[in-house]
Amino acid sequence: MNNTFGRILTVTLFGESHGTLTGAVIDGMPAGIRIDRERIAEEMDRRRAQGMISTPRREADVCEIVSGVYNGYSQGTPLTILIRNTNAVHAEYDREHVIPRPSHGDYSSYVKYSGYSDRRGGGHLSGRLTAPLCAAGAICRMMLEEKGIFIGTHIRQLYDLVDREFADDVKSDIDTLNAMKFAVLDPEVSSEMLDRITQAKAENDSLGGILETCIYGLEAGLGEPWFDSMESLLAHAAFSIPGIKGIEFGNGFGLAGMKGSEANDSFALRNGKVITLTNRSGGINGGITNGMPVVFRTAVRPTPTIAQPQKSVDLTAMKECTLTVSGRHDPAFIHRARAVQDCMSAFVIADLLLQRYGTEYFQGERR
């Protein structure tokens, strides 16, 4: 089992949805990074459940930093974050027979862990564990912003509703998105999306969509040409987020329907800086950043836990059956996954910068 991500900067995840707590250990963090607890709380708020469009489970998500920080700054030693579960309702999962939810991790984890895993709310596989990922990523976002690197994600599509793309002034769009709890650039489409999620909830159903992320301010030359390409590392991070089922960079699959003359991004000079006139490659050539904004999209599946009767198998009796789930779940989790995608992207970029330049890149003056 591997619960650690990263090379120089690593995060190790632990806990279960209905256990005592979840948490993360960040190792490789340079010394002297200011740890702004209010900023971490803001990041947690972006991920937090919202009204009727989210699960009724409400968690305070207070981050307890129990090691690695002294007088408000990182020490360069392992930084441990604990987030306690205060609103778990175990009775929702107290049933004698094991019946996996369709398209959830229940069955696959039951087989992998020989039936010993905590199945309440998905246990260790639950989206609940994205809370400590957000806390860890919030620190990385602070580190990057000090270097002029900014990340923003919006709901590009919810079911059949589509938001506008990032504008030419992507930094302005990123700032706008980071001030939103429901990250949609077009206000009219945002209202329609909220209504559509509410409707799905009333129908005991769920919705998925597409997230679009932009990383602004990256210099050219970051990433490796083969196994640690910028695409492969961001994809690795994205697929670590529960419910992500696809990814594309720039025009992605749309490039398959173009000629080379249509798909290529021509180079030009602007104020002595090399740019590309278009960004169909999403800011990456040969696995390495080219200095343009890195843009990618991920497909987010509908929440698999729904309150409609579904066919399943009773693994205790080994008989087919019908399962109707009660409990609490999100009619859509895409608006919450957006915060996690921002944070996981920040973690990848911070790790790559440490690999390229070392800890001195982020450290301030010696005390």
Exercise for review: May I ask you to say which residue of GLY123, GLY127 is surrounded by 21 or more Cβ atoms within 10 Å (Cβ to Cβ), under 19 Å from the mean Cα position of the chain (by Cα), farther than 22 Å from ALA41 by Cα and modelled with pLDDT under 95?
Suggested key: GLY123
Review point. Counting only residues that are over 24 Å from GLU146 (Cα atoms) and open to solvent by less than 10 Å² (accessible area, probe 1.4 Å), how many does the stretch 22-48 have?
Key: 2
Check your understanding: When the stretch 96-119 is examined, which residues are found to be closer than 16 Å to LYS319 by Cα, open to solvent by 70 Å² or more (accessible area, probe 1.4 Å) and not in a helix (DSSP H, G or I)?
Key -> GLU96
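Checking the conditions here, which among GLY15, GLY19 is open to solvent by less than 60 Å² (accessible area, probe 1.4 Å), of a type in the set (Gly, Ala, Ser) and at pLDDT 90 or above?
On the way: GLY19 fails: at pLDDT 90 or above.
Every option except GLY15 fails the conditions.
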Review point. Which of (1) crowded, with 21+ Cβ neighbours inside 10 Å; (2) under 30 Å from ASN251 (Cα atoms); (3) over 18 Å from the mean Cα position of the chain (by Cα) does ILE155 not meet, given it meets every other one?
Key: (3)
Review point. Between a first residue in the stretch 306-319 that is open to solvent by 80 Å² or more (accessible area, probe 1.4 Å) and a second residue that is part of a strand (DSSP E or B), which pairs have beta carbons less than 8 Å apart while being 6 or more apart in sequence or on different chains?
Key: PRO309/THR322; PRO309/LEU323; LYS311/GLU320; LYS311/CYS321; LYS311/THR322; LYS311/LEU323; LYS319/VAL313
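From the set of residues in the stretch 18-49 that are in a loop (DSSP other than H, G, I, E, B) and under 17 Å from the mean Cα position of the chain (by Cα), which is farthest from TYR73 (Cα to Cα)? Spell out how you get there, then give the answer.
Of the residues in the stretch 18-49, the ones in a loop (DSSP other than H, G, I, E, B) are 18-20, 28-33, 35-36, 48-49.
Right, trim to under 17 Å from the mean Cα position of the chain (by Cα) and you get 48-49.
Values: ARG48: 26, ALA49: 30 Å.
If we take residues in the stretch 18-49 being in a loop (DSSP other than H, G, I, E, B) and under 17 Å from the mean Cα position of the chain (by Cα), then ALA49 is farthest from TYR73 (Cα to Cα).
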Exercise for review: Go through the residues of the stretch 50-61 one by one and say whether even a single one is over 19 Å from the mean Cα position of the chain (by Cα), of a type in the set (Val, Ile, Thr) and outside any helix (DSSP H, G or I).
Suggested key: no
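Condition first: open to solvent by less than 20 Å² (accessible area, probe 1.4 Å) and either not in a strand (DSSP E or B) or not hydrophobic (A, V, I, L, M, F, W, C) (or both). Now tell me which residues in the stretch 143-152 satisfy that. Before the answer, list the steps.
Applying the first criterion (open to solvent by less than 20 Å² (accessible area, probe 1.4 Å)) to the stretch 143-152 yields 143-144, 149, 151-152.
Of everything in the stretch 143-152, those that are open to solvent by less than 20 Å² (accessible area, probe 1.4 Å) and either not in a strand (DSSP E or B) or not hydrophobic (A, V, I, L, M, F, W, C) (or both) turn out to be MET143, LEU144, ILE149, GLY152.
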Study note, to complete from the structure: Residue pairs within 7 Å by beta carbon, gap of at least six or interchain, first lying in the stretch 1-25 and polar (S, T, N, Q), second outside any strand (DSSP E or B) and open to solvent by 40 Å² or more (accessible area, probe 1.4 Å), listed first then second, are THR12/ASN3; SER17/ARG120
Check your understanding: In the stretch 266-305, which residue that is of a type in the set (D, E, K, R) and in contact (Cβ under 8 Å) with a residue 24 or more places away in the chain is farthest from GLU219 (Cα to Cα)?
Key -> ARG301
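The values are calculated or read from the model by the stated rules, or taken from the named source; none is laboratory data. What you see is a predicted model, and the numbers here were worked out from it, not measured in a lab. No Cβ is skipped: glycine too gets one built from the backbone with ideal geometry, and neighbour counts run over all protein chains shown. Accessible surface is based on the protein model in full, side chains and every heavy atom, while ligands, DNA and RNA are left aside. Shrake-Rupley method; radii C 1.70, N 1.55, O 1.52, S 1.80 Å.
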